[in-house]
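Working notes, beginning with the structure itself.
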Amino acid sequence: MGLGGCPTETVVIAGQGYVGLPLAVLAAESGHFQVVGYDVAMSRIKQLSAAESYVEDVSSARLAAVLAAGAYRPTADERDLDGFDVAVISVPTPLREGQPDLSHIEAVARALAPRLRRGCTVVLESTTYPGTTEELVGPLLEEGSGLRAGPDFSLGYSPERIDPGNRVWGLAETPKLVSGVDEASLEAVRAFYDRMVNTTVPVPSPKVAELAKLVENTFRHINIALVNEIAMFAHELGIDAWSAIDAASTKPFGFLRFTPGPGVGGHCLPVDPVYLSWRVSRALGRRFRFVDLATTSTSTCRTTSSSG
Ligand SMILES: NC(=O)c1ccc[n+]([C@@H]2O[C@H](COP(=O)([O-])OP(=O)(O)OC[C@H]3O[C@@H](n4cnc5c(N)ncnc54)[C@H](O)[C@@H]3O)[C@@H](O)[C@H]2O)c1
């Protein structure tokens, strides 16, 4: 539709960081939505209102265009959450004392709940352990609204896969996993993203979508640790690890190239696998040994970079 259209749906994106801001701007640019970019950090809201982007993937010119078109409104005022049709939760999920800290998700769910109306859709995008959408977000929304997830409003999970700075695979180009607590929710979540991204991929449940994101990042975490350990051994054995990896990479199947580097760092890779191992140990009383080993190994390497 483009910026000149006449959008009728109001979308709230809670959390205007690396995940929420690109989504908010893409939604506003689609011409389908009136977008409210909600964030508790007043300093960020001031920057956004002045069309100053602090996220690499969103230029200040794009921000200025959606602000000027009236399609995007940054705010720190909770009252601006009133009247939403779709709400996306993209707030941080850090660790506190080595355990998942879902307080930011809880705060947003509590703020959205009294504003829920029949027919609304709520999507969680924050990376988290399997079960968060149905066991935490759903009940908080239901308690605060008196409505039921499924029959009364749609609820789902759609993980964010952005790779900040990647010029090939941006938000619109990267297939987007979508899920819902029931068939109608899945359709509502899918219809929302279909208006912005090239490909949506429905998965059977929010738990599957939540786990899929952790599979992706745990896979990277473990492979980074593995190749770094191989590189250290190879060095001590007097063998050039890079040549060996180049040679292995000529195999056209069954091998995925990872190269030695500073290890894991950034927002996601050191944190996300811990969400999975925490869930495994809480629910099953067992350790997720691969994650433990990769975490010990990469911290031994004094690692710093890589996102996800
Ligand atoms: N950065 C990435 O590359 C990336 C990729 C995929 C998934 N994720 C996941 O997405 C989620 C968000 O990550 P991010 O990188 O955008 O974080 P971020 O720190 O860049 O941004 C989060 C924003 O949420 C705001 N916030 C905190 N509590 C809030 C509340 N109660 N209401 C409204 N806003 C609130 C913060 O002020 C901040 O501006 C995390 O779960 C992260 O693991 C991040």
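The values are calculated or read from the model by the stated rules, or taken from the named source; none is laboratory data. Just so it is clear, the model here is predicted, and its values are computed rather than measured. Here the Cβ is made from the backbone with ideal geometry for all residues, glycine too, and neighbour counts use every protein chain on show. Quick note on the areas: whole protein, heavy atoms, side chains included, nothing else; ligands and nucleic acids left out. Shrake-Rupley method; radii C 1.70, N 1.55, O 1.52, S 1.80 Å.
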Q: Take the Cα radius of gyration of region 204-248 and divide it by 2.2 N^0.38 Å, with N its residue count; two decimals is plenty.
A: 1.68
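Can you check how the C-alpha radius of gyration of region 130-218 compares to 2.2 N^0.38 Å, as a plain ratio?
For region 130-218, the normalised Cα radius of gyration is 1.14.
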Q | Percentage relative contact order, the chain, counting C-alpha pairs under 8 Å, at least six apart | A | 14
Q. Which lysines have a Cα less than 22 Å from the Cα of Lys207, not counting those fewer than 8 places away in the same chain?
A. Lys176
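Roll a 1.4 angstrom probe over the protein heavy atoms and tell me the percent of accessible area of region 178-308 that is carbon or sulfur.
62
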(Q) Could you compute how fast region 190-285 diffuses translationally, taking Rh as the Kirkwood radius over C-alpha pairs and applying Stokes-Einstein at 10 °C with viscosity 1.306 mPa s? Give it in µm² per second. (A) 98
Q: Of the DSSP beta bridges with both residues in the chain, give the percent that are antiparallel, rounding to the nearest 5.
A: 5
Q) Cα-based Rg (one decimal) and Dmax (whole number) for region 1-79, in Å? A) 11.1, 32
Q) Given q = 0.11 Å⁻¹, what are the Debye log10 I(q)/I(0) values for the chain, with equal point scatterers placed on the Cα positions and solvent ignored? A) -0.71
Q | In order through region 49-66: 3J(HN,Hα) via Karplus (6.51 cos²θ - 1.76 cosθ + 1.60), integer Hz, x for Gly, Pro | A | 5, 8, 6, 10, 7, 10, 10, 3, 7, 10, 6, 5, 5, 5, 4, 4, 5, 6
Q. Which GluC sites (Glu not before Pro) does region 1-97 hold that lie in a coil by DSSP with at most 12 other beta carbons within 10 Å?
A. Glu52, Glu56, Glu97
Q: Take the Cα atoms of region 1-135, find their three principal axes, and give me the spread along each one in whole Å, biggest first.
A: 44, 35, 24
